[in-house]
1. Shape verdict for the range 81-166, please, from the Cα gyration tensor: rounded (a/c under 1.5), prolate (a/b greater than b/c) or oblate.
2. Starting from the Kirkwood Rh over alpha-carbon pairs, what translational D in µm² s⁻¹ does the range 1-114 have by Stokes-Einstein at 10 °C and 1.306 mPa s?
3. On the principal axes of its Cα set, how long, how wide and how thick is the range 142-208? Give whole Å, largest value first.
4. Quick one: length gained pulling Asp135 to Glu15 fully straight, 0.36 nm per residue minus the C-alpha distance?
5. Report the rotationally averaged projected area of the range 127-181 based on its alpha-carbon convex hull, in square nanometres.
6. Grab the alpha carbons of the range 1-64, take their convex hull, and tell me the volume per residue in Å³.
7. What is the list of residues in the range 233-266 whose amide nitrogen lies under 14 Å from a point 7 angstrom out from the Cα of Val222, following Cα to Cβ?
8. Based on the Cβ-Cβ distance of Glu67 and Glu241, what FRET efficiency does E = 1/(1 + (r/R0)^6) give at R0 = 45 Å, to the nearest 0.05?
Amino acid sequence: MRRKRLSRRLRELREERGLTSEEVTKRAGFSRGKLTRMERDEWTRPNPADIEKLLTIYKVTDPDEREALLTLARQARQRGWWVSYSDALGRGAYVGLETEATRIRTVELMLVPGLLQTEDYIRAVLRGDDVTDPDEVDRRVEARLLRQQILTRADAPTLHAVIDESVLRKITPELRGQLQRLLDLQEPHRLQVVPDRIGPHAAMTGAFTILEFTEDPTVVYVETTDTSLLLEEPAEIRQHEDRFDRLCAVALSPAESRGFIQHLLDSM
């Protein structure tokens, strides 16, 4: 997110100065297309020296603003903890977003949200996906549990999860601890269950997560078996926020959801 923020600010500065990409590229001595990649967040590790060149071209003379942007560039070069778990998390793109978020709204149709999964549940899901290598299983479990630590931070994001009843129906007696984990969720976090009796609903087309940030635009993350998408267009954001709100309206309230989960737990 720091890299995205820096990209956006550099583009804004250039546009405020009325300069074209070609003009800036020539003045900075960049290779063709380099500035475009920077402004589109198609870079990996920003070079503070490049940022200094651009700030000079854009006549950013305020020392505080210059230092803030250079600090952002240095921070954007730092690798998150998830980089060392690339074998379990891939590029870790979603984890990076999740770590920076201030509010997370998620809809799950098949699984308990990752931030709320117990270790036994994670292992059961991996077995169901035919992941059997003990070392790989342990790495994935460790990575998932590390992700969950964001909910214990002093500046923890607020989590509002909506899950389909079918998610709960797949929790077997030996995984009852997962139901208790859901019951232990405390304010300001919220969990709502969409009961089967309402029939087709607003999220039937697939799960998604809406992530909000203090200094950056809201994004929507959609993941399938084969790929993942990061949606950033305002119309796409509004569409998913509307879908989330409609789903909340037909779901059980947080209190009713707790009662529903408790009933399932008691019946095991």
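1. Numbers: a/c = 2.02, a/b = 1.21, b/c = 1.66.
Oblate, because a/c is 1.5 or more while a/b does not exceed b/c.
2. Details: Rh = 15.9 Å.
In µm²/s, the coefficient is 100.
3. On the principal axes, the range 142-208 reaches 39, 29, 23 Å in Cα extent.
4. That works out to 38.2 nm of additional length.
5. Values: hull surface 20.7 nm².
The Cα convex hull of the range 127-181, projected and averaged over all directions, gives 5.2 nm².
6. Residue-normalised Cα hull volume stands at 84 Å³.
7. Flagged as within label range: 233-244.
8. On the way: r = 35 Å, r/R0 = 0.79.
For Glu67 and Glu241, the calculated efficiency is 0.80.
The values are calculated or read from the model by the stated rules, or taken from the named source; none is laboratory data. As the structure is a prediction and not an experimental result, all values here were calculated from the model. When we count neighbours, we look across all protein chains shown, and the Cβ atoms used for this are built from the backbone with ideal geometry, even at glycine. The protein model used for the area step is the full one, side chains on, heavy atoms only, and it has no ligands, DNA or RNA in it. Shrake-Rupley method; radii C 1.70, N 1.55, O 1.52, S 1.80 Å.
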